[in-house]
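This report refers to the structure that appears directly beneath it.
Taken together, the values in this text are just the output of simple stated rules run on the coordinates, not laboratory data. Note that the coordinates shown come from a computational prediction; the quantities given were computed from them, not determined experimentally. Here the Cβ positions follow ideal geometry from the backbone for every residue, glycine too, while neighbour counts run over all protein chains shown.
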Amino acid sequence: MTNSIESDNTNKIDMTSINDQIMVEIFHHIPTKNELESISVPTYISNNFPPVYMVSSSDDFLINEPIKLINILTQYKIQFVYHFLSSPGVELPHVFHLDISNPYAEIVNDEECDFFKTFID
């Protein structure tokens, strides 16, 4: 049995990859290249893109994605802040900051609010 499947549009999906599994779950089928581009943030970045606050963590399944965004945001001279959190023995998964009982969430959420407050007159 193979762990990858191919659609009729030649997109290979690695079913051992959490990212690919999520895409199939979102679309309810193997997404086409156009469908994937339609939900890809870099597709929409331009000179008019608003400031960005990004956070990732040691257990984030999207751990490798911020570097791609950083390069594009820098190219368009978009103001951004990027924080990476890691703490030995502490699990910090994707969207850990939504768990308000997590002390790291409090830190990140306060920093994010402070960042966006700088844009309010």
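In table form, for the structure just shown:
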| read-out | value |
| --- | --- |
| For the range 96-108, 3J(HN,Hα) per residue [Karplus equation, 6.51 cos²θ - 1.76 cosθ + 1.60, θ = phi - 60°, Hz, x = Gly/Pro] | 4, 6, 7, 8, 5, 7, 7, x, 5, 4, 4, 4, 5 |
| Cut-off under 5 Å, modelled amide H: who pairs with PHE80 long-range | VAL52 |
| Set of aspartates and glutamates with alpha-carbon distance to LYS77 below 20 Å, sequence-local pairs under 8 removed | GLU65, GLU112 |
| Cut-off 15 Å, label 7 Å out along Cα→Cβ of HIS83, residues of the range 51-67 by amide N | 52-58 |
| Reciprocal of mean inverse Cα separation for the range 45-117 (Kirkwood radius, Å) | 13.1 Å |
| Under Karplus coefficients 6.51, -1.76 and 1.60, residue-wise ³J(HN,Hα) of the range 23-39 in Hz, glycine/proline x | 4, 5, 5, 5, 8, 6, 6, 6, x, 7, 4, 5, 5, 5, 5, 5, 10 |
| ASN109-ASN47 pseudo-label distance in nm [points 7 Å out on the Cα-to-Cβ vector] | 3.8 nm |
